[in-house]
Every structure is written in C-alpha cells, then in structure tokens.
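The values are calculated or read from the model by the stated rules, or taken from the named source; none is laboratory data. None of the values given here were measured: they were computed from a predicted structure. Neighbour counts are summed over all protein chains in view; Cβ atoms, including those assigned to glycine, are modelled from backbone coordinates with ideal geometry. These accessible areas exclude ligands, DNA and RNA; they are computed on the full protein's heavy atoms, side chains included. Shrake-Rupley method; radii C 1.70, N 1.55, O 1.52, S 1.80 Å.
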There are 2 protein chains.
Amino acid sequence: VPTAIGVDIGGTKVLAVGVDTDAPLAVLAEHRVPTPSGDATKILDAIASATRVVAGALAAAGRPAEVVGMGIPGLVDTSGRLRAAPNLLGLVGVEIPPRLEALIDLPTVVDNDANCALWAEVIVGAGAGARDAVLVTLGTGIGGALVNGGVLRHGRHGFAGEPGHMVVDPSGPECPCGRSGCWERFASGSGLAMLARRAVEAGRSPAILELVGGDVAAVDGEHVVAAARAADPGALAVVDEFAWWLALGIANLVNALDPELVLVGGGLADESDLFLARTREEVGRMALGASARTGTRIEAATLGSRAGAIGAALVAATPRGVGPGVP
Amino acid sequence: VPTAIGVDIGGTKVLAVGVDTDAPLAVLAEHRVPTPSGDATKILDAIASATRVVAGALAAAGRPAEVVGMGIPGLVDTSGRLRAAPNLLGLVGVEIPPRLEALIDLPTVVDNDANCALWAEVIVGAGAGARDAVLVTLGTGIGGALVNGGVLRHGRHGFAGEPGHMVVDPSGPECPCGRSGCWERFASGSGLAMLARRAVEAGRSPAILELVGGDVAAVDGEHVVAAARAADPGALAVVDEFAWWLALGIANLVNALDPELVLVGGGLADESDLFLARTREEVGRMALGASARTGTRIEAATLGSRAGAIGAALVAATPRGVGPGVP
C-alpha cells in the first residue's frame, strides 16, 4: 500500500495525516480537530471529518489513500473493538472499523496508540531496524508496546504492552484502575507531579512552591520541569526520584523481555535530557546480570507528537504489524 | 533430529534423559548424578558422565543420540556462556558447548532451564499448542520463560524471561540480587517461608510454630503446606497471602504480555491445588480490562521434575526454540 491515512485519537484532539508509506516522514497532508465529548456517534463523526479532509487533500494531489489506520489510547481487541479507554469513554464497547468504514468508505484498521507509535519508531524512528524493542510512553499515564522478533506483538486479546499498570508498590497511591502503586502512579507526568507535591509538602522545594503561588495542589509536571531547568536543587532531586522510578519499571521490563532497545516516548520524552541519563545508570544497577547486558539501549523516541498518527498509517499498510521482510 | 539427550542441571543434581523427540514423554533412558561443588571442570565432568550413561543406553537400544540439550538455572547468553547462576557459581563465565562437546563428542545446545521447561510444556505438556505463553517456576526463587508467536523468546542477550527479579515492593525484603522487594522474595518457596515466619512471629499460626518445635527461623514452605493441608486457619491465611503475591506478579505479566496461557511450574506447582484457584481469582480482579480477557488461562505445569530435561532435548532438536510449523 503506497498511500495511507493515519489517525491518532487522543482525549483532546484527533490528528489525521496522509503518508507515503515508503517515505512516511514526509507527511503529505495533515488535519486536526478537537475530540468531542459525548457518545460514539459524535466522536466517530469527528474522526471521519478529519479523515475526509486528509483523504481529499491526497486525492487532489493524485495520491488517493487506500487504507486508514487508527491509534486509540485504550485496550483495542483483535476485532477492533475498544474494550477500555479512560479518556474516550464514549467509544468503549464500539467495534470501530465497520462504523468508520460506513462513514469514510476506506478499509480501516484500529490499534492501540502506543503500538502505532512504536511501529513508526521501529520503521523510521529511533528504533529503526530493532527486532526486540519496548516503548513506554510517559504522558498522564504510561502506555506501552512491544516488538519482538521484528513483529508488533498484540497478545491473546490485542492488549499486550500495558506496563503502566504493573504494580511496583502495593502500599503506594491508589490508581484509577482500582489497584494501588501502579508504575504510572510514579513514573508518568502525573507521577512526576505527585513526587513534586510530596517534596513541596516536606519543604524540599521552595522554588516549585513559589511557581504555584503557594498552592501545593496546583503543582504539575511542568512546574517541576521549569524549576529543574532553573537548576533548583529541590526540583532536580524530584527529577532524580522520578528517574529512579522510571528505571525501576524499565529494569522490570528488561528482566522480563531482554529487549535490545527501550524507547521512552510520550510528552515527557521532550524533557528526557533532564532524566534519561540517570535512568540509564539506575537500570544498569538494577537489571539482573547488568554487566553482561552490553546490548541494551535506552533512548528517547524521536518522532514526537506525530508518531502515533504516522504509525497508525504504517500499521494499516502492514496489517497486524508484521513488517516488511519479517516472516 | 529423532533422538536427543536432555540434561537438567540443578544446584544439587544433574538429570539426563534420552528421548525420541517425536514422542518425548516416553523417556528412553534416564540417569542422575549429584552436582559436585567446585570448579567448572568438576561440574562438567559430572554432566558428561550422566550424559555418557544415557548415550550408552540409547546406543545399546539402537537409537543413538544426535544432539545434547542442556538446561541451566541461570543467565545463558546466546553463545552458550553462563553469565550468572547463584547456585552454580563454578560454571559462571564458562562457554559451555565447546567444553562439553570436547568431553562427549555430540553437538551441544545450552539454554536457561525454565526456557527448556516451557518449551517442553508447549510441545507436549500443559501448554500444548499455545502460541503466547509465560512460564513462572516457583522454587527457591522464581524462574521464567516466554513463548511468543509460537517461538521461545531469548531477547537480545539470551536473558529474556526473568520475572523473579521484577521489583514489586521497593521497601520490601532485601534480595540477594542487590535490590529490595523482588517478586521472588514473596511468591517463591522462600517467599512462602518468609510470609509464614511473619505470621508465626505475629502469633497468627500456632500450628506452624508447633511443627518447628518453636523455632521460628526453621519455618519453611513445607511446614506451611503441611499445616494448610491439616486445615490450620493460620497456615491457610499464609497460603492466601502467598496466592495474592503470586497473582500480583502474574497480573503484571498479563498486563505487559497478554498471554493466552500462564503456566505455574517448579516444585511448588505440586501444591497448586492449595493456591492456584485463589491466584486466578485475584488476577481476574487485578489485570487491566480483566472482564475482556476471556482467553487468559492460568494453569499448573504438568511435566513435573522432568520438564527441564525433556525440554532441553527438544530445544536441542529445534535450535533456538523455533517450533515445527512456526515461521
């Protein structure tokens, strides 16, 4: 399939891109609409409208799209039905491909958004050529995806790659998932904010407290980043603590999977210069037989906010994520 | 390869079996020797001696062995060098295949013991036909192995499948690996003993205390099992706590990998009637989107103490664990 449309559906916006799947980084067309609140019909209409704009642009350029891929932040089963999605409740339970195909008249493939992002990174990004890779996306929570033996892995139901809800401290903070101490309580954007609030409450970061005008509850990850970039020692200590928690979960994944590459993506990847070196160092201490693991790389993802949309197009062009040349 | 020898090397004994790889459960010959303490030469001599006995028996039966497979409790790298093995320190650093081949004159393949056991279970045991399976072996520690897409997965260095050192409680007990709160501190044989000692110290299981004649330090997993089988409420509560910790780690693996099958093997698998139903129930509560995971089975391994040796023969017959019919 030469030309494909990729759509990344988030809690706040829908991004559609049109790409030449042989050269996907040169995005041919792009359109963004807000994600409506409300029921499935409204959300699907918004997705269809963004997709139609891109389809029209591609057709006008003489490069009509042949397939549509879609990345969704949630558990997508093997039939394309969304089974869980805390930020897209209106779509939960909906078998998306037939509904979309009725609206846009193009074959549609749906996958988890982090799966799409990893597939893009493995084909044309930071993971180019990697056969055993793990992506962890650091946003409000932690998403994830696995490539193993060169193939994007979906598992039995399509749900593989959800390390964010790995429990790493059963006496830790409650998680909306119903358990306590999930990894994403510590090593995501909201985890960074939680660690910062604890530090501020303990009087360990007056600089952050000042940024929020004394309102501890208002502390979020951006305040930590700003204070750390201003070299505030308290904020830097919070970032180190965050790096340690990130390392703890990555070391757990390294022990389980022994990947050649762990990619750190999501919004916080833009700040990875603040924490990734420390995380690497800690994983080097934590992983079993670390001195023999000379081939494990931990890197920031490089495709940024369009990784999911570009990857969705590539997933649609290579169904179930079986890449070119991979048996 | 029709006839192969499989060797399972443990901290206390070496078990060699000769099998028809088309019908591996009908073991054709078997021999056991103690694992000597001491250096690599002594250990390799013991392995060679057990292997020669089985090779002789197979030759006498007109079924000469063509390859030898070996399962080792430790991190085995892709060249067959043992990189870490707490119970076989004498062999650490040794590239085993050439050393063995010099002694027994048969091509030799070395892999992690749990990898071998899972491969046997997937070919002829509880996992027959499973394409996405995880094994956790509950012994002194927790070993593990992964089959994904029908292929035994080794990862970048050969170390894939070590969930025992997944940290699940950073403020938990220290682990010999140098970290704290590894899963195997709670959900292995020694974890069961630790949970029991805590219960006894808190006065929650007088029956276990009686079994050890008042010596709390002497409590081990077998006392818990004996007291639980005698329906002691304190021991049953310890077993339930153990089942919960086992479920916590399994749910973490289910979230990460979405396997169709989780097999519980190792010595404690013989007692799985005591805890596995409870573990299943807890995983059903803990795994993300549990109600949509209708295809996840959690079962006891069935090949028992010969799984590792039989599996080693099968791994040698199917190099790097690529099964028949799997691309």
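For the reader, a short list of remarks on this structure follows.
- Residues that are closer than 14 Å to A:Leu211 by Cβ and among the charged types (D, E, K, R), drawn from the stretch A:226-242: A:Arg229, A:Asp232
- Hey, A:Phe275 touching a residue at least 12 places away in the same chain (Cβ under 8 Å), more than 12 Å from chain B (Cβ to nearest Cβ), out of contact with any Asp or Glu (no Cβ under 8 Å at 6 or more places or on another chain) and crowded, with 19+ Cβ neighbours inside 10 Å or not: no
- Qualifying residue in the stretch B:130-145 (condition: without any contact (Cβ under 8 Å) to a residue 40 or more places away in the chain and among the aliphatic types (A, V, I, L, M)): yes
- Reported count of residues in the stretch B:120-169, each being polar (S, T, N, Q) and either within 20 Å of B:Ile298 (Cα to Cα) or within 11 Å of chain A (Cβ to nearest Cβ) (or both), is 2.
- Residue within the stretch A:106-117 that is within 14 Å of chain B (Cβ to nearest Cβ) and over 27 Å from B:Ala292 (Cβ atoms) present: no
Residues checked against (1) open to solvent by 10 Å² or more (accessible area, probe 1.4 Å); (2) within 11 Å of chain A (Cβ to nearest Cβ); (3) under 21 Å from the mean Cα position of the chain (by Cα):
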| site | (1), (2), (3) |
| --- | --- |
| B:Ser171 | yes, yes, no |
| B:Glu174 | yes, no, no |
| B:Cys177 | yes, yes, yes |
| B:Ser180 | yes, yes, no |
| B:Trp183 | no, yes, yes |
| B:Phe186 | no, yes, yes |
| B:Arg197 | yes, no, no |
| B:Glu201 | yes, no, no |
| B:Arg204 | yes, no, no |
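- Residue within the stretch B:184-203 that is among the aromatic types (Phe, Trp, Tyr) and touching a strand residue (DSSP E or B) at 6+ places or on another chain (Cβ under 7 Å) present: no
- Number of the exception - B:Ser291 against (1) in contact with a helix residue (DSSP H, G or I) (Cβ under 7 Å, 6 or more places away or on another chain); (2) at pLDDT below 95; (3) not acidic (Asp, Glu): (1)
- Restricting the stretch B:278-304 to residues that are among the polar types (S, T, N, Q) and in a helix (DSSP H, G or I), the residue that is nearest to the other protein chains (Cβ to nearest Cβ): B:Ser291
- Residue in the stretch B:252-261 that is surrounded by fewer than 24 Cβ atoms within 10 Å (Cβ to Cβ) and away from chain A (no Cβ under 14 Å) present: no
- Matching residues in the stretch B:206-227 - criterion: being open to solvent by less than 10 Å² (accessible area, probe 1.4 Å) and either in contact (Cβ under 8 Å) with a residue 40 or more places away in the chain or under 21 Å from B:Leu276 (Cα atoms) (or both): B:Val224, B:Ala227
- Which listed residue, of B:Ala231, B:Ala237, is without any contact (Cβ under 8 Å) to a residue 60 or more places away in the chain, over 20 Å from A:Thr78 (Cβ atoms), open to solvent by 40 Å² or more (accessible area, probe 1.4 Å) and not in a helix (DSSP H, G or I): B:Ala231
- No other residue among B:Gly158, B:Gly164 is within 30 Å of B:Thr318 (Cβ to Cβ), touching a residue at least 40 places away in the same chain (Cβ under 8 Å) and not in a strand (DSSP E or B) apart from B:Gly158.
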